[in-house]
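Quick notes on the structure that follows.
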Amino acid sequence: TIDNYYRKSHGYAISRPFMEHIMSIVPKNGTILELGSGIGSYVLGKRFKMICVEHNIKWTGRYRKIDYIHVPLMSSGEETSWYDIDILKSKIKHLKYDLLLIDGPPKKDRLNFFKYTSLFDSSVPWAFDDVKRTHLLRGVAKWSIKENRRSVLRRQSHLESFTIPKSTNFNDSE
C-alpha cells in the first residue's frame with residue numbers, strides 16, 4: 001500500500017497531500033517530468049508516466065515503470081552544482097509532459113533551477129517540493145514575482161509550493 005511506501009521513506013518522500021494535489025491536476029495517464037527521483041516517483045508512477053532526471057547513478061533503474069535520464073551534477077562555479085546542462089538539454093528538449101516536479105538535485109543545489117527555467121515547458125504547472133527549506137521558499141517567491149507567475153503555497157506537514165503557469169485558469173480560491 002501507499003502507507004507502506006511512506007513508512008519506508010523515513011519522511012523523505014513528497015507528502016501525501018502534495019501527492020494528492022498532483023493527482024488532482026495531472027490527467028490520468030499523463031506524464032510528469034521530475035528533477036530527482038525517489039519513493040514518491042514510484043507511487044506517482046502507478047498512475048502517471050514518470051520521467052525522472054537523476055544525478056545519482058545508483059537511483060537510475062531503481063523502480064520499474066519509471067523512465068530515468070541520468071544527468072550527472074556539474075559545478076556551477078560556486079559552492080553549488082546543477083545537472084550537466086548540455087546533457088540535460090539534449091535529453092529533455094523534445095519531451096512532452098503535463099507537470100514539472102522539482103525535487104532535485106539535493107540541498108541548495110536545487111536553487112540553480114532558476115538559472116535554467118528556459119529549458120522547461122512553461123505552459124504546464126511547475127511543482128516545487130521541500131520549500132520548507134527557507135532558501136528554496138525565497139527562491140520560488142522571488143522568481144514568481146519576477147516572472148509574474150502566480151504561486152500557490154500549500155502548508156501541510158511540510159511546505160510545498162506550486163507555481164501555476166500564466167496560461168492555466170485555476171480558480172482563485174485555491
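The values are calculated or read from the model by the stated rules, or taken from the named source; none is laboratory data. Predicted model only: the values in this text are computed from it and were never measured. FYI the Cβ positions are ideal-geometry reconstructions off the backbone, even for glycines, and counts take in every protein chain you see. Quick note on the areas: whole protein, heavy atoms, side chains included, nothing else; ligands and nucleic acids left out. Shrake-Rupley method; radii C 1.70, N 1.55, O 1.52, S 1.80 Å.
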>> I'd like to know if region 114-128 contains one or more residues that are in contact with a Leu (Cβ under 8 Å, 6 or more places away or on another chain), over 21 Å from Tyr97 (Cβ atoms), at pLDDT 70 or above and outside any loop (DSSP other than H, G, I, E, B).
In response: no
> Which residue pairs have Cβ atoms under 9 Å apart, sit 6 or more places apart or on different chains, and have a first residue in region 110-127 that is acidic (Asp, Glu) and a second that is assigned to a loop (DSSP other than H, G, I, E, B) and open to solvent by less than 40 Å² (accessible area, probe 1.4 Å)?
Replying inline: Asp121/Tyr97; Asp121/Pro165
> Out of Ile51, Ile92, Ile87, Ile32, which single residue is within 25 Å of Leu136 (Cα to Cα), at pLDDT 95 or above and surrounded by fewer than 18 Cβ atoms within 10 Å (Cβ to Cβ)?
Replying inline: Ile87
>> Being of a type in the set (A, V, I, L, M, F, W, C), crowded, with 16+ Cβ neighbours inside 10 Å and in contact with a Leu (Cβ under 6 Å, 6 or more places away or on another chain) is the requirement here; does Ile22 meet it?
In response: no
> So how many residues does region 23-38 have that are charged (D, E, K, R) and not in a strand (DSSP E or B)?
Replying inline: 1
